[in-house]
Amino acid sequence: MSSVRDANASSNTKPAANDSHSPPPIIKAAIAKKQPPPETSESVWTRRWVIFSFWAVAIFLGLPVWWKATAIYRAELPLQTMTDWADGKICKPVFPLRIAVEAPALPLQDAQHLVRTTQHALDDLNEFSAHHLRLMLAAAPFANASQETVGTTNDNTIEPFRVPRDKDIALSIRMLPVESGSTPRSELQQYSPALDVYYTPNQIPPPSSTSSPLATFIANELHKVFAEEQATLAHLLSTTSTAHVSKIKSLSPEFSAELERQSTRAFKYAPTYHLTFSLFSPTSVPSDWEIESALQQYLTPLLESFSSISNFTVDTQVQLYATFSPSMRQPEFDAELNAWTLRKEDLSGFINAAEWPLSPSIGIGPTINFVLYVPDPSQSPLLVKENGGNSWLVPQWGGVRILNPTVSGGAPSTPAKLDKEALASAMHTFSDQLFSLLGVPQTPASLPLRLTTLTRVRAASLVFSASSTLSALARLYKALPSIPIPDTVAKSVDLTTAHLQLACNDLREGRFQGALENARVAEAEAEKAFFERSMVGQVYFPDEHKVAVYLPLLGPVAVPLVMAALKELKSFLVWIKRRE
């Protein structure tokens, strides 16, 4: 029994001894089959060459193609020249005005001496060096054949003919001798650029004198004629750029403020303006007006005189049952004026922009509106309470005129049709308002002189505007390197600088009409360059947008390449460590 028990005990303890030893050979063989075979040197280098090839294609082919395809083209611009124009380093405008003195009754030497003494007196009065008057003798006996035309009479005496007026002559002084009367005295022609000076023969300065009362009188008269032009140009140069500061000593702060108000209410210069004449009535009458004939008689000659500066297009319209704007207080009856009145603070809301068809017309140039309002007879006459007037100006918009119905039979009555005579006063008002809106100076009394002054002022302002636009474009070019600059911008900049130089040369030589034309082209090309559509569209293109576009495309490609490169780099570092 004991031997059997011992045998069983030995058999039971044998498996326990086997559990403490390693797995059987069969299990070891199975485990050994699951391990990958050792990688050969050739396969390692093949894998590395494949990874290197991908990286080489990405760096040496993909990156240059991407750089070329996404590169922003920026044409070269003359940045320093553009900045110099704005700083006034290239051109400092001057305004030499040529004044022709016509003295056919004076001998040549006396006329020349009078011109010299008057020029000296003018130079002493001038406080604005950029604006100076140059006197020249228009016609004299024995003048140079290249400048004057002379002829002979039947008794073989030399007699000068009147030289045809040069378009660049700003003013003609006609010396007219008189035997008696209050002299010297002058008279400025209203519709021609001529100043008539009346003198007696004993007032002509002798050749030995350096000054004379007649020369001083002529110099003072010329200074008065061009005083507002000098002040306007000085104010323009002083407010445009610090490089152009050139002020008149006598330019008071009050006068400077008045010039600022005039420039604020005037429209910006444009080659073409559109004029809209509107008739509004709160009732059914008047339903017609002779506006075409009224414009032809009262306004067309005025617009033709502006032809050398700007062009105009005109249209008209009539609207009945036109009510006041809801935001405006209704007219109140004033017993002292015996009229219905509008307060000055309500004039800005007089135009009912919501219901009155006063939207800008589709065309070239800004629209200038002229509104003729015929009030209801029950609210007539309608006046402005503060000054008792019936018209006012809306800065940079247009003008308004109230045409109160005529009194017939003790009560106001509105005609069904407004004839040309009834529109005469309104046309005169609109003409004055047009002058203010276009920036025409208020003095002198001669209309041609005022228009030539406007030509010079507009030419100077366009030169400064184009120069300022070039400077802004140069700053934009430097501040935003990510925006494209097409060749059209560079071409426009070259045209701008070329025409600016031509305009500056014309100003120096007194060719003011040519200066205006060149300055107009320069300003248009500068605006075209600055507001180039393809360039402006990239100004608001943020970098975050680029990341959002490229990340979904490059992410799936870049991650495997980067991970494979890191793995190879890690194995390379391990290999180096083993060799150490």
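The values are calculated or read from the model by the stated rules, or taken from the named source; none is laboratory data. It should be emphasised that the depicted structure is a prediction, and the values quoted were computed from it without experimental measurement. So basically every Cβ, Gly included, is an ideal-geometry build from the backbone, and we count neighbours across all protein chains shown. Note: areas computed on protein heavy atoms with side chains; ligands, DNA, RNA excluded. Shrake-Rupley method; radii C 1.70, N 1.55, O 1.52, S 1.80 Å.
Listed values, structure above:
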| read-out | value |
| --- | --- |
| Highest-first arrangement of 124-136, 200-212, 219-231, 452-464, where packing means the average Cβ count within 10 Å | 452-464, 219-231, 124-136, 200-212 |
| Largest to smallest accessible area among Asp432, Asp346 [probe 1.4 Å] | Asp432, Asp346 |
| Accessible area in square angstrom per residue, segment 265-399, 1.4 angstrom probe | 48 Å² |
| FRET efficiency for Thr210 and Ser348, using Cβ-Cβ distance with R0 set to 60 Å, rounded to 0.05 | 0.55 |
| Rounded Å value of the spacing that divides the Cα centres of segment 377-424 and segment 85-142 | 48 Å |
| Residue order for Tyr477, Tyr273 - accessible surface, 1.4 angstrom probe, largest first | Tyr477, Tyr273 |
| Too-long pairs where the Cα-Cα distance tops 31 Å, listed order kept, from Lys68/Lys491; Lys268/Lys546; Lys92/Lys224 | Lys268/Lys546 |
| Under 13 Å, Cβ to Cβ, from Ser278 - net charge with Lys/Arg +1 and Asp/Glu -1 | -1 |
| Packing-based order for 42-54, 294-306, 518-530, 60-72, using average beta carbon neighbours within 10 Å, highest first | 518-530, 294-306, 42-54, 60-72 |
